[in-house]
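Engineer: A single structure is presented below for examination.
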Amino acid sequence: MNRRDFQIAAAAAAAAALLSEGAQAQGMHAEMFHPKLEGPPTQVAMVIFPGFVTLDLIGPHTFFKALGNVEVRLVSADGAPVRSDTGLIYPADASFATCPKDLDILFVPGGLKGSIKQMRDPATLDFLADRGGRAKYITGICTGTLVLGAAGLLKGYKATGNWQVRQLLPLMGAELVPDRVVIDRNRITGAGVTAGIDFGLQIVAMLRGEPYARMLQLVFEYDPHPPFNSGSPTTASKALVDHLMTSRAADIEAARLAAVASPAG
C-alpha cells in the first residue's frame, strides 16, 4: 500500500469511527428521551366527583397517560358518569368497589363545593384511606388536597393546595408549605388548577426521568407567558384578593368546619 492509499484508508477508518460514535450517541439520546418501560403497567386512579374542576383533572391526566405502560382509571363512587364544573360529563372506568386494591398513584382533583361534600362523605374517606394505605404515591391538587387531608393521608406531611383554603391543611395534621408543588416523601400535592401541569411534569420526572419530562414540556409547548401578573395572591392586587376571599367566605367556612369534623381533624 502506497502512502496515498494509506492516507485514504486511514481517513475512511476515522470517518467510520466518527459515524459509529455518532450513531451510539444518537442511540443514547433516544434512550434518554424515551426510557425503556418494563414490568407491569403503572396503576393510576383519579377520583372524580360531581363539580370537580375540569382543568384540575385534565392537566395531570395528560401527563399520567404520557408515562407510557400505564393504566389510568377515572374512579367515581358508584362507577357512574360524573359532571364536572364546566358541565362536561366524564365516564368512570371503575367504582370504589372495583378500583384495583394496589395502586401506584392515587390522585384527587379539586372543586371547592364538591370537595367539601367529599370531606364529609364516609364512603369517599374510607376509599381514600384504604387505597392510600397501600399506594406508592398519594397525590392531589387544588382543594383535592383537603379531601386527602380529611382522609388522614397528609398527617405529618408537608402539603399545599388552593391558595384560598390551604391554610386549613394544618387542621388535619399537615404542614402547610405554600408552594406550587410540594413533594414530601411519597406525598405530592399541587396548588390551584393550572398547577396541575407543573405537578404532572414533576410526576413524570420522578417516574421516567427528567430528560423525558423536559421532552414532554417541549412537546406540549408549556412555556407560559400570562397576559396579567395576577395569578397568585402575592402578585394580585389586595382589592382582588379581598374580593375573592369575601365572595367565597361561606364556602371557605364550610371547608373549615368539614376539616375540623373530619376523622383527621
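Engineer: Suppose the filter is on the phi > 0 side of the Ramachandran plot and either touching a Gly at 6+ places or on another chain (Cβ under 7 Å) or not polar (S, T, N, Q) (or both); does E221 pass it?
Structural biologist: Here the answer is yes, as E221 does meet what is asked.
Engineer: Do you know which residues across the stretch 82-100 are touching a strand residue (DSSP E or B) at 6+ places or on another chain (Cβ under 7 Å) and under 12 Å from V53 (Cα atoms)?
Structural biologist: Answer for the stretch 82-100, where residues must be touching a strand residue (DSSP E or B) at 6+ places or on another chain (Cβ under 7 Å) and under 12 Å from V53 (Cα atoms): V82, R83, S84, I89, Y90.
Engineer: Tell me which residues, restricted to the stretch 142-201, are of a type in the set (V, I, T), part of a helix (DSSP H, G or I) and surrounded by 24 or more Cβ atoms within 10 Å (Cβ to Cβ).
Structural biologist: T145, V147, listed by residue number.
Engineer: Shifting gears a bit: Can you pull out every residue in the stretch 226-257 that is surrounded by fewer than 11 Cβ atoms within 10 Å (Cβ to Cβ) and among the basic types (K, R)?
Structural biologist: Within the stretch 226-257, just K238 meets the criteria.
Engineer: Considering only residues that are of a type in the set (S, T, Y) and either more than 27 Å from G231 (Cα to Cα) or at pLDDT below 95 (or both), which ones fall in the stretch 118-153?
Structural biologist: Listed by number, the residues that qualify are T124, Y137.
Engineer: Could you pull out the residue among G190, G196, G209 that is more than 27 Å from S115 (Cβ to Cβ), in contact (Cβ under 8 Å) with a residue 12 or more places away in the chain and of a type outside the set (A, V, I, L, M)?
Structural biologist: On the way: G190 fails: more than 27 Å from S115 (Cβ to Cβ); G196 fails: more than 27 Å from S115 (Cβ to Cβ).
Being more than 27 Å from S115 (Cβ to Cβ), in contact (Cβ under 8 Å) with a residue 12 or more places away in the chain and of a type outside the set (A, V, I, L, M) holds for just one of G190, G196, G209, which is G209.
Engineer: Within the stretch 80-133, how many residues are without any contact (Cβ under 8 Å) to a residue 40 or more places away in the chain, in a helix (DSSP H, G or I) and farther than 30 Å from L207 by Cα?
Structural biologist: 1
Engineer: Inside the stretch 66-89, can you point out the residues that are surrounded by fewer than 18 Cβ atoms within 10 Å (Cβ to Cβ) and hydroxyl-bearing (S, T, Y)?
Structural biologist: Scanning the stretch 66-89 gives a single hit, T86.
The values are calculated or read from the model by the stated rules, or taken from the named source; none is laboratory data. Given the structure is predicted, the values throughout are model-derived calculations rather than measurements. Cβ coordinates were reconstructed from backbone atoms using ideal geometry, including for glycine residues, and neighbour counts include every protein chain displayed.
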